[in-house]
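Okay, structure first, notes after.
Just so it is clear, none of the values below were taken in a lab; they were calculated from the coordinates. What you are looking at is a predicted structure, and each value in this text was computed from that prediction instead of being measured. We place every Cβ from the backbone using ideal geometry, glycine too, and count neighbours over all the protein chains shown.
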Amino acid sequence: MRASNAVPKYEVGGISHLEQLRQLEKFFYDGFEFERFYADITKFAEEKLHLEDGRPLALDDLREIDGFVRRFFEKKLADVELWVVRGFVLGKLIERGEQVPALRPIRFEDLPTKVREAAREFSLTARETRALEWAVSHGAEHLTNATNDTINTVQQVIFDNAKNRKGYRALRRDLETEFFDNDSELNRNWKRVAISESNNAFNQGYIAQIGGGEWVCGFSLPDACPPCKALIDGRVYPVIRPEADMSYSHHAPESHERAKYEWLWEHAIWLEKDNFGRSGAERKRINKDSGNQPENLLPREHHEKYMPAIPMHPYCRCRWVRLNPEKMYVAGGEMKMRVMNEAAWRAWHDSVILPLQAGLAQYAV
Ligand SMILES: [Zn+2]
Ligand SMILES: [Zn+2]
């Protein structure tokens with residue numbers, strides 16, 4: 001299996017997980033129905049706003065636009081649950097397929113659509129169910145943010161149109177650019193929801209199957225960003241059962257507690273570990289509204305920096321794969337079997353696994 005310059009393929013029932021993830025992202029994104037949204041909002045604007053008269057927009061107009069966009073995307077909240085549940089179950093099935101190859105390919109339409117259904121059909125543990133619920137609410141939160149951004153953008157475009165008396169035809173064109181142009185902020189926002197939430201759900205479903213004491217190896221796509229290449233691609237980590245609270249910035253800088261959590265964040269993986277509030281940049285701005293001149297920059301603290309977690313960031317398509325470090329090793333970004341080269345395994349094991357085991361022994365949770 002290659003990690004760095006080819007896509008790792010994990011054949012399950014003849015289908016690689018990557019194809020399925022792409023499909024999942026696409027179904028998720030298509031579910032937002034932008035074509036219909038565009039048709040509906042332009043019709044709405046034509047009927048309600050009388051843009052040709054050069055009449056200034058009233059507060060009521062803006063409120064109506066707000067309500068219209070909100071109603072449209074609130075209906076999509078049910079789809080978020082559907083696709084997050086399916087992504088999670090997909091991760092679980094892929095993991096299962098690596099243990100016992102599946103007899104038939106996974107078909108999305110056969111998978112559950114609700115957390116409760118998934119919990120029943122797949123006998124999810126309480127811990128898995130909680131992780132799945134968390135992934136659904138994460139997705140719902142991001143959908144709500146994208147909805148709010150959409151409301152702002154639509155209002156801005158309409159407001160600008162009315163102010164400059166551009167007329168209805170220009171409005172259609174301007175909204176079309178905002179919705180469908182690949183580089184538009186809005187379009188990227190919605191793609192980000194579909195891609196990030198699919199991948200998050202898949203990885204949660206997968207990692208939920210890996211018990212404390214087991215190990216994972218990270219794989220990134222060839223075009224992955226520098227932090228993913230550095231912290232995930234080909235890197236091996238132990239999976240631990242986390243404590244209820246893994247935050248640590250409140251511990252004194254030189255304390256044992258602080259050292260312990262810093263070590264665990266850098267060297268271990270757990271279900272629901274995320275990079276929320278962290279960044280890949282080494283430094284941060286003191287005044288957020290000022291530029292990057294040296295006197296406005298401070299080094300980021302430990303709890304503000306990216307740690308190995310998937311997804312690392314929105315759009316991350318990296319994934320974890322279970323690895324048994326007593327039987328396998330990683331060389332040149334590939335997972336290899338110990339039996340093929342005992343000496344190479346030994347050297348890798350001594351330099352990569354033993355230090356991690358020593359850290360675990362010291363800081364074990
Ligand atoms: Zn990345
Ligand atoms: Zn990544």
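What to note about this one:
- Ranked for footprinting exposure by Cβ neighbours inside 10 Å, fewest first, Tyr168, Tyr306 give Tyr168, Tyr306.
- When the stretch 88-207 is reduced to its Cα atoms, the Kirkwood hydrodynamic radius in Å: 17.0 Å
- Partners of Lys163 within straight-line reach, counting aspartates and glutamates whose Cα lies under 12 Å from its Cα and excluding those fewer than 8 residues away in the same chain: Glu52, Asp53.
- Total formal charge among the other residues, if their Cβ is under 12 angstrom from that of Ile232, Lys/Arg +1 and Asp/Glu -1: +3
- Sorted by Cβ neighbour density within 10 Å, fewest at the top, the residues Ser290, Ser196, Ser220, Ser279: Ser290, Ser279, Ser196, Ser220
- For the chain, the longest principal axis of the Cα atoms and the long axis of helix 34-49 meet at an angle of about 30 degrees.
- Using alpha-carbon coordinates, inclination of helix 354-363 to the longest axis of the chain, degrees: 80 degrees
- When the square roots of the Cα gyration tensor eigenvalues are ordered a ≥ b ≥ c, the ratio a/c for the stretch 248-331 is 1.5 or more and a/b does not exceed b/c, which makes its shape oblate.
- Its alpha carbons considered, the stretch 1-209 gives a radius of gyration followed by a Dmax of 20.7, 68 Å.
- Anisotropy class of the stretch 19-109 from Cα gyration tensor, a/c 1.5 cut: prolate
- Based on alpha-carbon atoms, the Kirkwood radius and the radius of gyration of the chain give Rg/Rh equal to 1.04.
- For the chain, the longest principal axis of the alpha carbon atoms and the long axis of helix 77-99 meet at an angle near 20°.
- Leading residue at positive end of dipole, the stretch 1-209 (Cβ point charges), from Ala119, Thr150, His50: Ala119
- Computed over neighbours whose Cβ is under 9 Å from that of Val330, the net charge equals +1, Lys and Arg +1, Asp and Glu -1.
- Exceeding the 31 Å Cα-Cα cut-off - candidates Lys48/Lys76; Lys92/Lys229; Lys114/Lys288; Lys229/Lys288; Lys305/Lys327: Lys114/Lys288; Lys305/Lys327
- Sequence of Met337, Met246, Met328 once ranked by neighbouring C-beta atoms within 10 Å, starting from the fewest: Met337, Met246, Met328
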